[in-house]
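Asker: Okay, here's the structure, questions in a sec.
The values are calculated or read from the model by the stated rules, or taken from the named source; none is laboratory data. Model, not experiment: these values are computed from the prediction. With ideal geometry, Cβ positions are generated from the backbone for all residues, glycine too; neighbour counts draw on all protein chains shown.
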Amino acid sequence: MSRPVGSAGDGATGLATAAEIAAAADLLRRGGVVAFPTETVYGLGADAANPAAVAKIFDLKGRPADHPLIVHLADAAQLPAWAIDLPAAAYTLAAAFWPGPLTLILRRAPQVPDCVTGGQTTVGLRVPAHPVAQALLRAFAGGIAAPSANKFGRVSPTTADHVRREFPAPHAPDAILDGGSCQVGVESTILDLTAATPTLLRPGGVTREQLQACLGHPVPLRGQAGNDHTIGGVPEPTPDREAVRAPGLLESHYAPLAEVHLATPATLAAQVAVLQQENVRFVVLARRDDVQAAEACGGAGVPCNTLYRTLPDDDAEYARRLYQYLRDADRDGFDAILIVPPAPTGLGLAIRDRLQRAASR
Ligand code: TXA
Ligand code: MG
């Protein structure tokens, strides 16, 4: 019997074995679709050089064909096979953050299939750190095109079980590799290196502060100028509505079935009162002090339509659990989620971004 690969940190039970990974690489070579863990979220992978295989991903996900996919590579040495006109920053960033949760948008090499790039002149490349993803990429010895392993517009999976539930037979991937719970919990950071200045298209597991420290200059966040979102009445930056360049930036992405309402610590108690009057069954997700303050305002006990859950103080832990919280609310049949996003620094920027999109419906 082959031993589980890597050390996802949560025990060996259920982790993909070397034999399962070898079989999955074989499936990829034969044009199959394999769901696999990365450190961010699970991906739905196919041979990036095989358009018929990539088409199956779009079918399974129900994803529009003009949405490009990220190509996953085993290491930075494979960059020149997929991209041309590589700027020095690509190598600097790869050395600093790969393997890890950073996707670089670069000029595509001519042989990259159109179905992977959505017909654009650029390609997204990333080297994931998860040991199972690494083992799969090395066994396959090619690029694996993979979006997050969820139906289009829905919450990304952070466990193999989420993937199984999202794609029940007969519309399941050919294999699902188990790598435990994803350690980062939100998707990779997407950085466009084809713009005049490297531009953040999607905040993610590598923080903007880390990118700025590495590059030695400010990294603008795309769409920062447009201010038509609010959290509890406070305006928030929002991405361009029209931009389909990185459709992960579509406002309706990452949405649970329950309606998501954003709050600040200052507005939370009032928002709780409004939802309670509307007789909506909802879950309140906030940090300990904010929960206590809101509960104290509630007067005579917690009404049975309201569940309070305490968010971790640490943003890394918040990110790791975020999608599970959203899934739990759906599983438990709540109509709404009232949640306090973290401050927009460090990983908080990515968490806030996903919550804003989940709330935009
Ligand atoms: O963490 C992640 O990035 C996960 C794991 C599986 O690697 N993948 C992921 O893929 O989140 P997906 O497809 O769910 O989101 C990738 C985003 C999409 O919004 C896509 O439009 C954008 O990356 N993207 C891919 N290629 C692009 C390109 N050439 N130019 C601009 N955006 C691109
Ligand atoms: Mg996705």
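Asker: On the given criteria, is GLN324 surrounded by fewer than 20 Cβ atoms within 10 Å (Cβ to Cβ), out of contact with any Phe, Trp or Tyr (no Cβ under 7 Å at 6 or more places or on another chain) and under 19 Å from ALA359 (Cβ atoms)?
Answerer: Yes, satisfied.
Asker: Would you mind telling me which numbered condition in (1) surrounded by fewer than 24 Cβ atoms within 10 Å (Cβ to Cβ); (2) within 13 Å of ligand 1 (Cβ to nearest atom); (3) of a type in the set (A, V, I, L, M, F, W, C) ALA175 fails?
Answerer: Just one mismatch for ALA175, condition (2).
Asker: Right, another one. It is to be established whether one or more residues within the range 110-127 are more than 14 Å from ligand 1 (Cβ to nearest atom), among the acidic types (Asp, Glu), assigned to a helix (DSSP H, G or I) and within 22 Å of LYS151 (Cα to Cα).
Answerer: No, the conditions are met nowhere in the range 110-127.
Asker: Under the condition of being surrounded by 23 or more Cβ atoms within 10 Å (Cβ to Cβ) and part of a loop (DSSP other than H, G, I, E, B), which residue from the range 180-190 is farthest from ligand 1 (Cβ to nearest atom)?
Answerer: For the range 180-190, the residue satisfying everything is GLY180.
Asker: Test THR238 against the criterion of being part of a loop (DSSP other than H, G, I, E, B) and either within 16 Å of ligand 2 (Cβ to nearest atom) or modelled with pLDDT of 95 or more (or both), and give yes or no.
Answerer: Considered against the rule, which asks whether it is part of a loop (DSSP other than H, G, I, E, B) and either within 16 Å of ligand 2 (Cβ to nearest atom) or modelled with pLDDT of 95 or more (or both), THR238 comes out as no.
Asker: Among the residues of the range 83-105, which ones are of a type outside the set (Gly, Ala, Ser) and either surrounded by fewer than 21 Cβ atoms within 10 Å (Cβ to Cβ) or in a loop (DSSP other than H, G, I, E, B) (or both)?
Answerer: Once the filter is applied, which keeps residues that are of a type outside the set (Gly, Ala, Ser) and either surrounded by fewer than 21 Cβ atoms within 10 Å (Cβ to Cβ) or in a loop (DSSP other than H, G, I, E, B) (or both), the range 83-105 yields ILE84, ASP85, LEU86, PRO87, TYR91, THR92, TRP98, PRO99, PRO101.
Asker: Tell me yes or no: at least one residue of the range 166-181 is farther than 17 Å from VAL54 by Cα, within 12 Å of ligand 2 (Cβ to nearest atom), in contact (Cβ under 8 Å) with a residue 24 or more places away in the chain and of a type in the set (Gly, Ala, Ser).
Answerer: No, the conditions are met nowhere in the range 166-181.
Residue-wise test of (1) surrounded by fewer than 18 Cβ atoms within 10 Å (Cβ to Cβ); (2) without any contact (Cβ under 8 Å) to a residue 12 or more places away in the chain; (3) out of contact with any helix residue (DSSP H, G or I) (no Cβ under 9 Å at 6 or more places or on another chain).
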| residue | (1), (2), (3) |
| --- | --- |
| GLN277 | yes, yes, yes |
| CYS297 | yes, no, no |
| THR310 | yes, no, no |
| ALA316 | yes, no, yes |
| ASP332 | yes, no, yes |
| VAL340 | no, no, no |
| ALA358 | no, no, no |
| ARG361 | yes, no, yes |
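Here's the yes/no breakdown for (1) modelled with pLDDT under 95; (2) within 16 Å of ligand 2 (Cβ to nearest atom); (3) touching a Pro at 6+ places or on another chain (Cβ under 9 Å):
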site: ALA53; (1), (2), (3): no, no, no
site: ARG63; (1), (2), (3): yes, yes, yes
site: ALA74; (1), (2), (3): no, no, yes
site: ILE84; (1), (2), (3): no, no, yes
site: THR92; (1), (2), (3): no, no, no
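Asker: Right, another one. Please go through the range 183-209 and give me each residue that is within 20 Å of ALA129 (Cα to Cα) and in contact with a strand residue (DSSP E or B) (Cβ under 8 Å, 6 or more places away or on another chain), ordered by number.
Answerer: GLU187, SER188, THR189, ILE190, LEU191, ARG202, PRO203, GLY204, GLY205, VAL206, THR207, ARG208
Asker: Right, here's the next one. Would the range 95-109 turn up any residue that is without any contact (Cβ under 8 Å) to a residue 24 or more places away in the chain, farther than 21 Å from GLY180 by Cα and more than 12 Å from ligand 1 (Cβ to nearest atom)?
Answerer: Yes, the range 95-109 contains at least one residue that is without any contact (Cβ under 8 Å) to a residue 24 or more places away in the chain, farther than 21 Å from GLY180 by Cα and more than 12 Å from ligand 1 (Cβ to nearest atom).
Asker: Same structure again: Here is a check on your reading of the model: is ILE351 among the β-branched types (Val, Ile, Thr), closer than 22 Å to LEU275 by Cα and buried (at least 21 other Cβ atoms within 10 Å of the Cβ)?
Answerer: no
Asker: Within the range 41-69, track down each residue that is assigned to a helix (DSSP H, G or I) and more than 11 Å from ligand 1 (Cβ to nearest atom).
Answerer: Answer for the range 41-69, where residues must be assigned to a helix (DSSP H, G or I) and more than 11 Å from ligand 1 (Cβ to nearest atom): PRO51, ALA52, ALA53, VAL54, ALA55, LYS56, ASP59, LEU60.
Asker: Which one is surrounded by the most Cβ atoms within 10 Å (Cβ to Cβ), of the residues in the range 128-156 that are farther than 15 Å from LEU27 by Cβ and more than 12 Å from ligand 1 (Cβ to nearest atom)?
Answerer: Going through the qualifying residues, I end up with GLY143.
Asker: Among the residues of the range 120-129, is any of a type outside the set (Phe, Trp, Tyr) and without any contact (Cβ under 8 Å) to a residue 12 or more places away in the chain?
Answerer: Taking every residue of the range 120-129 in turn, none turns out to be of a type outside the set (Phe, Trp, Tyr) and without any contact (Cβ under 8 Å) to a residue 12 or more places away in the chain.
Asker: Out of the residues in the range 191-201 that are touching a helix residue (DSSP H, G or I) at 6+ places or on another chain (Cβ under 8 Å) and under 14 Å from LEU125 (Cα atoms), state the one that is surrounded by the most Cβ atoms within 10 Å (Cβ to Cβ).
Answerer: Applying the filter and picking the extreme gives LEU191.
Asker: Is at least one residue of the range 191-212 under 18 Å from THR92 (Cβ atoms), outside any loop (DSSP other than H, G, I, E, B), free of Cβ contacts under 8 Å to residues at least 24 places away in the same chain and away from ligand 1 (no atom under 13 Å from the Cβ)?
Answerer: yes
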